[in-house]
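The values are calculated or read from the model by the stated rules, or taken from the named source; none is laboratory data. Bear in mind that the values here come from a model prediction, so they are computed numbers and not experimental data. Note: ideal-geometry Cβ built from the backbone for every residue, glycine included; neighbour counts use all protein chains shown. Note: areas computed on protein heavy atoms with side chains; ligands, DNA, RNA excluded. Shrake-Rupley method; radii C 1.70, N 1.55, O 1.52, S 1.80 Å.
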Amino acid sequence: MSGGGCNIVWFRRDLRVEDNPALAAGVRAGAVIALYVWAPEEEGHYQPGRVSRWWLKQSLSQLDSSLRSLGTTLITKRSTDSVSSLLQVVKSVGATQLFFNHLYDPLSLVRDHRTKEILTAHGVTVHSFNADLLYEPWEVLDDVGQPFTTFAGFWSKCLSMPYDPDSPLLPPKRIISGDVSLCPSDPLVFEDESEKGSNALLARAWSPGWKSADKALTTFINGPLIEYAKNRRKADSATTSFLSPHLHFGEVSVRKVFHLVRLKQVLWNNEGNQAGEESVNLFLKSIGLREYSRYISFNHPYSHEKPLLGHLKFFPWVIDEDYFKAWRQGRTGYPLVDAGMRELWATGWLHDRIRVVVSSFFVKILQLPWRWGMKYFWDTLLDADLESDALGWQYISGTLPDGRELDRMDNPQFEGYKFDPNGEFVRRWLPELARLPTEWIHHPWNAPPSVLQAAGVELGSNYPIPIVGIDAAKARLQEALAQMWQHEAASRAVIENGTEEGLGDSSDSSPIAFPQDMEEDRTALRNNPTTTTIRRYEDQMVPSMTTSLVRVESEETSSDLRVERGRAEVPINLNMDEEPRADIVNQVNNLQHFNIAMALRDAEDSTADSSSSTISRRERDGGVVPVWSPPASSYSEQYVGEENSFLQRHPQSHQVMNWTQRLSQTG
DNA sequence: CAATCCTTATA
DNA sequence: ATAAGGATT
């Protein structure tokens, strides 16, 4: 087939052939070149982390084999600028049309707009589609045509739209391939040597790709779904859908999920099965939250950087990298928090409830800047998703109109008994506490010395004393909030008096920089752009000793226990018992090195001085990506309203809402 | 039946 | 924290 008049289908986070509107349209239009462009530098701070890249690699390879069975292959390009890569491919294959599916994160909104402009200017017809949502953000409006500002309103509107979400499309029967020889693929590198060991562990628990996505969906709908309402609150239950990473990469379409769940609901309804109703509603609600995260991102395209409710910008964050490190490494002294953070570290996964616990602890008890926590989630979660995570952290930080109040402090001890009443979750991830009776498992600092001794727990030695006491945290939070409101009022007064802005605002004119060890080494990257980003960010590595291994020893038990617990400890079924565990046995023997290694790492890390350099470096690098530069306009509104200037500077192709006025009425 | 206590959920 | 709903008296 000659390249003339062929169509490019640009895959991004829609790595599937089923229910893929862009692919379907491309196939209908004629010969297809299926393209994936890997340009992580475009994502700025939010380049995919180790586990995301691990996932992506396999998902792409499965997409490629699907495409091959349909008649073409996936062309991959390594790039630092998607749009110019697209142009190159257009030229080399002589394409006349481009098809892609919408994304709603701030960078994609801008990049896709630019793509449309530039390619159109080059005579290419660009078609874009909704493949990620039940309804496009601009379709879901209230009675007066404004976007909703609370989830409840948004979601009930979604559920009562006058038309159903589009039905899932079947995969194409056959794809007429464009001339792929005109456009050779670049090899894409998604992991470096240092990451291989950590990544090897992931494969025991997860299998990326649309096939597993479909399987996970069916398994969930036919199994755990009916009990979802009951079970979703248990910290370590394997009763959630485990669909989030699949959904993030678009391996299964949310519309398919929605339709199948709805079918089940109808079925249960006809059987008079009431139990299923609540479960279905709750599960669909979690799908709805994902929708809402896109909705928020579209309507507030700065929400990953800036709080939606402006007052939070006056919050006096505690800039303490030792706190931050203790949180990341699960050494805060609060067992539920620590267990969660160790699970995240070792597996890239965390139950939804525990995400709330650890992030709330982060913001309210440690009072670290929420963006640090969000960035860590982004770097370490298998289902890292900018829109969802931004929504989650803003919810926790009290900057959504309907989020939690910031002054409502959650107590990890009580939450522990709520979500992990028998302490099983804590014992699994904190083997050093394994022998502590349930009575004390969530507050070892209160346990009598004799109990601690019997359990082999030495507070301050093999398990930390709480790094911040609850009472102290409460006091500090009250103080911080008072200060925040005071500054907020002062700033508003300044504006109302018509005084020139700028007073007292200077410190907030740019977000608090990430600690330096969180930043990519861009120099290395620029010198060698074909490799993945080099990071000095060690938390992306599984600790040489994973907690599961510690457990094996501490419980001095045989392999069958390991197998049985291993099932629960990793989210998805796999046959751990078939694995020869020589590697693990080896590491178990090195158990004692675990804490030492950590201590050494701490010592090394403390030499790195974080802070100031980050921002200027970012500014210098601003040419490639539309870098977020916070506008210098006033703070007169309770809701941060400056994204209008963002939109003016970075226009979007999708319809843009004038929601600002609407928002300021709500607060 | 109303008042009160208790549980639960909270995007 | 608090509001709603359920259970209890």
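Per residue, segment A:378-486 exposes 42 Å² of accessible surface when a 1.4 Å probe is rolled over the protein heavy atoms with every protein chain present.
Overall shape: oblate for segment A:173-282, with the ratio a/c of the largest to smallest alpha carbon gyration tensor axis at 1.5 or above and b/c at least equal to a/b. A cut-off of 5 Å between modelled amide H atoms, ignoring neighbours fewer than 5 places along the same chain, links A:I75 with A:A34, A:L35, A:Y36. Largest accessible area first, the residues A:Y323, A:Y163, A:Y463 order themselves as A:Y163, A:Y323, A:Y463 under a 1.4 Å probe with ligands, DNA and RNA left out. With contacts taken as Cα pairs under 8 Å and at least 6 residues apart, segment A:103-221 reaches a relative contact order of 11 percent.
For A:F99, the residues 5 or more places off, or on other chains, whose built amide H falls under 5 Å of its own are A:I8, A:V9, A:W10, A:H127. Computing FRET efficiency as 1/(1 + (r/R0)^6) for A:E458 and A:E496, where r is the C-beta to C-beta distance and R0 is 56 Å, gives about 0.45. Subtracting the Cα-Cα distance of A:S65 and A:Q88 from 0.36 nm times their residue separation leaves 5.8 nm of extension gain.
Surface composition of segment A:118-185: carbon plus sulfur atoms contribute 57% of the solvent-accessible area (1.4 Å probe, protein chains only, all chains present). Approximating the spin labels as points 7 Å out from Cα along Cα→Cβ, the A:K211-to-A:D143 distance works out to 5.3 nm.
About the Cα centre of segment A:320-365, how large is the charge dipole given +1 on each Lys and Arg Cβ and -1 on each Asp and Glu Cβ? Please answer in debye to the nearest 20. The partial results should precede the final answer.
Numbers: 7 positive and 6 negative charges, 21 e Å.
Here the size comes out at about 100 debye.
Split the accessible area of segment A:1-70 by element, probe 1.4 Å, and carbon with sulfur accounts for 50%. Across segment A:310-392, Cα pairs under 8 Å and at least six residues apart give a relative contact order of 26 percent.
Considering segment A:25-173 at the alpha-carbon level, its Rg and Dmax are found to be 17.8, 49 Å.
In whole percent, and with a 1.4 Å probe on the protein chains, what portion of the accessible area of segment A:306-429 is carbon and sulfur? Please report the intermediate quantities before stating the final value.
Numbers: 1320 of 2740 Å².
That fraction is 48 percent.
Each 5 Å bin, from zero up to the one with the longest distance, holds this percent of the alpha carbon pairs of segment A:230-372: 2, 8, 13, 16, 16, 17, 13, 8, 4, 2, 1, 0.
From the square roots a ≥ b ≥ c of the eigenvalues of the alpha-carbon gyration tensor of segment A:382-441, which class results: rounded (a/c under 1.5), prolate (a/b over b/c), or oblate? Oblate, because a/c is 1.5 or more while a/b does not exceed b/c.
Listed by chain and number, the lysines whose C-alpha is less than 30 Å from the C-alpha of A:K325, apart from same-chain residues fewer than 8 away, are A:K57, A:K196, A:K234, A:K306, A:K313, A:K364, A:K375, A:K418, A:K474. Counted residue by residue at 0.36 nm each, then reduced by the alpha carbon distance between them, the extension gain from A:I176 to A:N269 reaches 29.1 nm.
The HN-Hα couplings worked out from phi for segment A:185-198 by the Karplus form 6.51 cos²θ - 1.76 cosθ + 1.60 (θ = phi - 60°) are 6, 8, x, 10, 10, 10, 8, 9, 3, 5, 9, 4, x, 5 Hz, whole numbers, x standing for Gly and Pro. The separation of segment A:332-406 from segment A:209-287, counted between C-alpha centres, amounts to 23 Å. Can you tell which of A:S128, A:W138, A:I118 lies farthest toward the positive end of the dipole of segment A:113-152, using +1 and -1 charges on the Cβ of basic and acidic side chains (Lys, Arg; Asp, Glu)? The residue sitting most towards the positive pole is A:I118. Normalising the average separation of contacting C-alpha pairs (under 8 angstrom, six or more residues apart) by the number of residues puts the relative contact order of segment A:1-98 at 43 percent.
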